[in-house]
Amino acid sequence: RTCDQLRCTACDFRVSLFNDYIWDQSCDYLFFRNNMPELSKLRAKMIKKKGSRAYACQCSWRSISELADLQTDQQLRWVCGKH
């Protein structure tokens, strides 16, 4: 299970998640800064991968293919946005 209300405390943006996708390795800060949250623009760097999930806010992004604790990632500033 994962929180579907994640919020980034660094950019104050809601974290978007996309099931069965990962981010292309060419993704960079400016790509997300300029294209979040427009799905039509984000699709340019999304790769279909069954069982994975792509997460992104305006300043950070992650592709997850197996169970992971995002709280242990020191670079992420994502917190539960409360339910």
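Some notes on this structure:
- Hits in segment 61-83 - residues which are open to solvent by 90 Å² or more (accessible area, probe 1.4 Å) and in contact (Cβ under 8 Å) with a residue 60 or more places away in the chain: Arg77, Lys82, His83
- Total residues in segment 26-60 satisfying the condition of being open to solvent by less than 70 Å² (accessible area, probe 1.4 Å) and either closer than 17 Å to Phe13 by Cα or touching a Ser or Thr at 6+ places or on another chain (Cβ under 6 Å) (or both): the figure is 14.
- For segment 6-31, residues that are closer than 14 Å to Leu42 by Cβ, outside any loop (DSSP other than H, G, I, E, B) and in contact (Cβ under 8 Å) with a residue 60 or more places away in the chain total 1.
- Among the residues of segment 1-25, those that are of a type in the set (A, V, I, L, M, F, W, C) and open to solvent by less than 50 Å² (accessible area, probe 1.4 Å) comprise Cys3, Leu6, Cys8, Cys11, Val15, Phe18, Ile22, Trp23.
The values are calculated or read from the model by the stated rules, or taken from the named source; none is laboratory data. Given the structure is predicted, the values throughout are model-derived calculations rather than measurements. A quick note on method: Cβ atoms are made from the backbone with ideal geometry, for glycine too, and the neighbour counts reach across all protein chains shown. Note: areas computed on protein heavy atoms with side chains; ligands, DNA, RNA excluded. Shrake-Rupley method; radii C 1.70, N 1.55, O 1.52, S 1.80 Å.
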